[in-house]
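Report on the following structure.
The values are calculated or read from the model by the stated rules, or taken from the named source; none is laboratory data. What you see is a predicted model, and the numbers here were worked out from it, not measured in a lab. Because the Cβ atoms are built from the backbone with ideal geometry, glycine has one as well, and the counts that use them run over all protein chains shown.
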């Protein structure tokens, strides 16, 4: 999945539009975009949407972002939406593998209640929204078979740190948030799950969004979250391997296949070794998944 579009769970109009947004995944939000007095309404609206949308064959994957464990709202959220059979849960303010195990157990209980097979719902965890979470980014390894992705956030973290800003005047993340980004990327790699970049809140700044997407792809992220449908096309474009990149990857794989047992190969005056071979395989796997 390349693009993950947030949609407030209390807006039937926005939820319906999300189905045609082109996003690979929809993130139906019960957390930050929903005021406390509207939580119950958002759960009901989200469940109604899930029952209508999940049976549709040609649809994006659909996740629900619940409220974090510390809020006391997690159980109510899961009680309301698991029966709608979403593809998964986005787990905010996750604090390491132990928290994912806790969330997994809660989901497992609801799956049993609603007659779903155990493991039917995936988890994508937001791994850097609290100070404590920063120290636990490497603990997601083998935490849960449900865990399919890690992402990171700067807004809640900046509040917890007491920061005045999380970006400089040019829109670049400041040092604490660069660290959070790097920890998420390393944590995802260690856990062998997808690394997903955070949102670009200035949704009218197409150049800034493209820059962030290209930098994220360069560093190893394979997707990015969006807060507005207008961001989806750029995210999908940047995180789709180009024909040139596919051709180059195929050439690397072919060169190693023609020279079995070798540790390095030369192509056009450039030396490639085994890490380049693995990178080429990963790129082709992503391209194949995107093309269906």
- Query: Looking at (1) surrounded by 14 or more Cβ atoms within 10 Å (Cβ to Cβ); (2) modelled with pLDDT under 95; (3) out of contact with any strand residue (DSSP E or B) (no Cβ under 9 Å at 6 or more places or on another chain), which is the only condition residue 203 fails?
  - Reply: (3)
- Among (1) farther than 30 Å from residue 118 by Cα; (2) part of a loop (DSSP other than H, G, I, E, B), residue 143 falls short only on (1)
- Assess whether residue 229 counts as being modelled with pLDDT under 95, surrounded by 18 or more Cβ atoms within 10 Å (Cβ to Cβ) and either under 20 Å from residue 154 (Cα atoms) or touching a helix residue (DSSP H, G or I) at 6+ places or on another chain (Cβ under 8 Å) (or both). no
- Item | helices (runs of 4 or more DSSP H) contained entirely in segment 1-100, each with at least 3 residues that are within 23 Å of residue 112 (Cα to Cα) and at pLDDT 95 or above | 39-53, 74-81
- Just need a number here: residues in segment 101-130 that are more than 20 Å from the chain's Cα centre (by Cα) and outside any loop (DSSP other than H, G, I, E, B). 8
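Here is a yes/no grid of residues against (1) at pLDDT below 95; (2) exposed (fewer than 15 other Cβ atoms within 10 Å of the Cβ); (3) closer than 18 Å to residue 94 by Cβ:
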residue: 163; (1), (2), (3): no, yes, no
residue: 167; (1), (2), (3): no, no, no
residue: 192; (1), (2), (3): no, yes, yes
residue: 198; (1), (2), (3): no, no, yes
residue: 207; (1), (2), (3): no, yes, no
residue: 212; (1), (2), (3): no, no, no
- Query: In segment 254-264, is there at least one residue being surrounded by fewer than 13 Cβ atoms within 10 Å (Cβ to Cβ), within 26 Å of the chain's Cα centre (by Cα) and at negative phi?
  - Reply: no
- Task: State which residue is surrounded by the most Cβ atoms within 10 Å (Cβ to Cβ) when the search covers only segment 144-160 and only residues that are more than 17 Å from the chain's Cα centre (by Cα) and touching a residue at least 24 places away in the same chain (Cβ under 8 Å).
- Result: 157
- Message: Yes or no: segment 176-193 includes at least one residue that is assigned by TED's automatic domain parsing to the domain that holds residue 89, over 17 Å from the mean Cα position of the chain (by Cα) and more than 25 Å from residue 67 (Cβ to Cβ).
- Response: yes
- Task: Determine, yes or no, whether residue 234 is in a helix (DSSP H, G or I), modelled with pLDDT of 95 or more and under 30 Å from residue 134 (Cβ atoms).
- Result: yes
- Message: For segment 11-21, check the following and say yes or no: at least one residue is farther than 23 Å from residue 72 by Cβ, touching a helix residue (DSSP H, G or I) at 6+ places or on another chain (Cβ under 6 Å), buried (at least 24 other Cβ atoms within 10 Å of the Cβ) and touching a residue at least 60 places away in the same chain (Cβ under 8 Å).
- Response: no
- Task: Please find, among 125, 109, the residue that is assigned by TED's automatic domain parsing to the domain that holds residue 194, surrounded by fewer than 16 Cβ atoms within 10 Å (Cβ to Cβ) and either free of Cβ contacts under 8 Å to residues at least 12 places away in the same chain or closer than 23 Å to residue 39 by Cα (or both).
- Result: 109
- Which condition breaks for residue 291 when tested against (1) in contact with a helix residue (DSSP H, G or I) (Cβ under 9 Å, 6 or more places away or on another chain); (2) within 23 Å of residue 3 (Cβ to Cβ); (3) modelled with pLDDT under 90? (1)
